[in-house]
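Data first, discussion second: the structure below is written as structure tokens.
The values are calculated or read from the model by the stated rules, or taken from the named source; none is laboratory data. All values reported here derive from a predicted model rather than from experimental measurement. Glycine gets a Cβ as well: all are built from the backbone with ideal geometry, and neighbour counts include every protein chain shown.
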Amino acid sequence: MNEEQRHNEKIAKFILIPIASILCFIGIELGYRLIDPFSYINPHDFNITEHGNLSEHDPLLGWRGVPGGKANFTTENISIILEHNEQGFRDIDHDQTSSRPAIVFLGDSFTWGYEIEFENMFANILRDKLPDYEIFNLSHRGYGTDQEFLVFKDWKYRGPIKTVVLMFSDNDIYDTNADKRYSKPKPKYIIEDNELILTGVPVPKVVDWRNKHHSEHTELNLGENLKLLALRSHFLHDLYYRYKIYKYLKSRDGKFPEFPNEDPTLTLRVLLELKYMVEQRGAELVVFFIPARQEIEGIENNIPYQNLLMEYCKKTGIRCIDLAPEFEIAWQRTYYRHGTHWNKNGNRLAADIIYKNLTNNPDLDLRK
């Protein structure tokens, strides 16, 4: 090989190696975008406020959805528009005189559809699967089991009800035991002489409810703009996320924060009272337990919170289903990387599990 050939070979390598690297990167990037998308959202654009547009003070519940509320909602995971119906729920407007039997969903942010487009919420997917039923979603972000019970108790609908579905989250025991959550006062039940007594009502209105909060946009410097540009790559964003998780776990000796080990006595009593109330209205209560993200992704080896609650439900005749077994074997990611909530895959899987359990149960056949 003469000098000219060697020179040409060096030039070819100099050109081909970057081209091959770029093609390899494009292939990986396309794979991420198709199989496991993880787009980057500028932190300066975050807007998760609820004051004045999505939630308002309520003297019974502490807070409730703003009737007709509408707001842009931007988190680390997604940017969407959230809207409430005329009753303040993230639901369609219903015909209050409908003769179709109702399926009523009670829950917190999972059921409300935190970080999920309206059409991808599991309750709305079930509406399409069960067209012969009137599907009501009476949930709101931040509610505990006690507030969900009060919502149903105060609900004025007088049509036929087939099923009331309570979606239970890992923080619900903590919420029910508290008289203040998310910097807002809330009602609290106590047990006195074996009776449930509601305390803290009317719930006081704090200053925060009178002020609408806005996220402030600040100008980015050159370095921040370059970082934002790089992290628009789903692949680079995933690498950056894993690096941050590694640093976080290293600072905490490999442990994620968890809710305190709360006494479930009050929550169990509220569940029983809800069961009685549902049965008085000619329906059946069904509880679905939402597994914690740490359980599904194997981040920690704690005993699942739902084990004790399921045992109690079975003893008291409350039909209950744990979503964890089917979430554990799902091949797609069902939770967002940031936070604790389901992505659209998680919502679709939840809808499938709920549909299967409701329609395959001979005592609760919604196909009739």
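To keep it simple, each residue is scored yes or no on (1) under 25 Å from LYS244 (Cβ atoms); (2) assigned to a helix (DSSP H, G or I); (3) aliphatic (A, V, I, L, M).
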residue: GLU273; (1), (2), (3): no, yes, no
residue: VAL287; (1), (2), (3): no, no, yes
residue: ASN307; (1), (2), (3): no, yes, no
residue: CYS320; (1), (2), (3): no, no, no
residue: HIS338; (1), (2), (3): yes, no, no
For ASN345, are the conditions met, namely being surrounded by fewer than 21 Cβ atoms within 10 Å (Cβ to Cβ), part of a helix (DSSP H, G or I) and in contact with a strand residue (DSSP E or B) (Cβ under 7 Å, 6 or more places away or on another chain)? no
Of all residues in segment 62-120, which are among the acidic types (Asp, Glu), part of a loop (DSSP other than H, G, I, E, B) and over 16 Å from TRP342 (Cα atoms)? GLU86, ASP91, ASP93, ASP95
Residue count, segment 79-135 (criterion: surrounded by fewer than 24 Cβ atoms within 10 Å (Cβ to Cβ), among the hydrophobic types (A, V, I, L, M, F, W, C) and without any contact (Cβ under 8 Å) to a residue 60 or more places away in the chain): 7
Of all residues in segment 269-294, how many are modelled with pLDDT of 90 or more and farther than 28 Å from PRO101 by Cβ? 4
Which residue is nearest to GLY31 (Cα to Cα), if the candidates are limited to segment 246-266 and must be at pLDDT 80 or above and not assigned by TED's automatic domain parsing to the domain that holds THR176? TYR246
I need every pair where a residue in segment 167-182 that is over 14 Å from THR265 (Cα atoms) has its Cβ under 6 Å from the Cβ of a residue that is of a type in the set (Lys, Arg) and part of a strand (DSSP E or B), sequence separation at least 6 or different chains. ASP179/LYS188
HIS51 being farther than 26 Å from ASN345 by Cα, surrounded by 12 or more Cβ atoms within 10 Å (Cβ to Cβ) and at pLDDT 90 or above: no
